[in-house]
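As structure tokens, the structure follows; a few thoughts come after it.
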Amino acid sequence: MNDIYDHEGSLQRMGNDHDLFHEMVGLLHEDAPPLLVVVQTAIKEGDISRLERAAHTLKGLASNFGARRAVTAAGEVERLAKAGQSSGMPAAITELEESLDELLAALEHEKDVSQASIS
């Protein structure tokens, strides 16, 4: 396991199906950036319900890869939203963005492998 995500654990959760793993990497790369936009928009608009749902979805996406930092960060945003706490939210969102950027970068090679197999 590396510090960012658990490659072997991810594969095990996906039934050791390498194609599924690469598909999930592609989905993360497709879904995470727009969900981060939803997080930013929801916080600006005060839409706590949408913020909570987006954070929950990001938590699930990151958990597929055993990405502890990203899962924890998304969980913290979700927790703060659920509790209606704005204190600490900017730092929690920054941590979420940074941890997802880190995860996406770590999985970049896997995304390239996935796209090459599609071509």
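Here are a few things to note about the model shown:
- Subset of region 1-12 (residues that are assigned to a helix (DSSP H, G or I) and surrounded by fewer than 17 Cβ atoms within 10 Å (Cβ to Cβ)): His7, Glu8, Gly9, Leu11, Gln12
- When the residues of region 1-16 are filtered to those that are touching a Leu at 6+ places or on another chain (Cβ under 8 Å) and of a type outside the set (Val, Ile, Thr), the one that is nearest to Glu110 (Cα to Cα) is Tyr5.
- Pairing each residue of region 53-81 that is acidic (Asp, Glu) with any residue that is modelled with pLDDT of 95 or more, provided the two are 6+ apart or on different chains, yields C-beta distances under 8 Å for Glu76/Ala92; Glu76/Glu95; Glu76/Leu96; Glu78/Glu52; Glu78/Ala55; Glu78/His56; Glu78/Lys59.
- Applying a threshold of 7 Å to beta carbon distances and a minimum spacing of six or more residues, or different chains, the list of pairs starting in region 1-26 at a residue that is among the hydrophobic types (A, V, I, L, M, F, W, C) and ending at one that is part of a loop (DSSP other than H, G, I, E, B) and surrounded by 15 or more Cβ atoms within 10 Å (Cβ to Cβ) reads Ile4/Ala67; Leu20/Met14; Phe21/Met14; Met24/Met14; Met24/Asn64; Val25/Leu107.
- Pick from region 13-46, criterion more than 18 Å from Gly66 (Cβ to Cβ) and of a type in the set (A, V, I, L, M, F, W, C), ranking: surrounded by the most Cβ atoms within 10 Å (Cβ to Cβ): Val39
- Any hit, region 46-62, residues being out of contact with any helix residue (DSSP H, G or I) (no Cβ under 9 Å at 6 or more places or on another chain) and either modelled with pLDDT under 95 or assigned to a helix (DSSP H, G or I) (or both): yes
The values are calculated or read from the model by the stated rules, or taken from the named source; none is laboratory data. Quick caveat, the model's predicted, so the values are computed rather than measured. Reconstructed Cβ throughout: ideal geometry from the backbone, glycine too, with neighbour counts over all protein chains shown.
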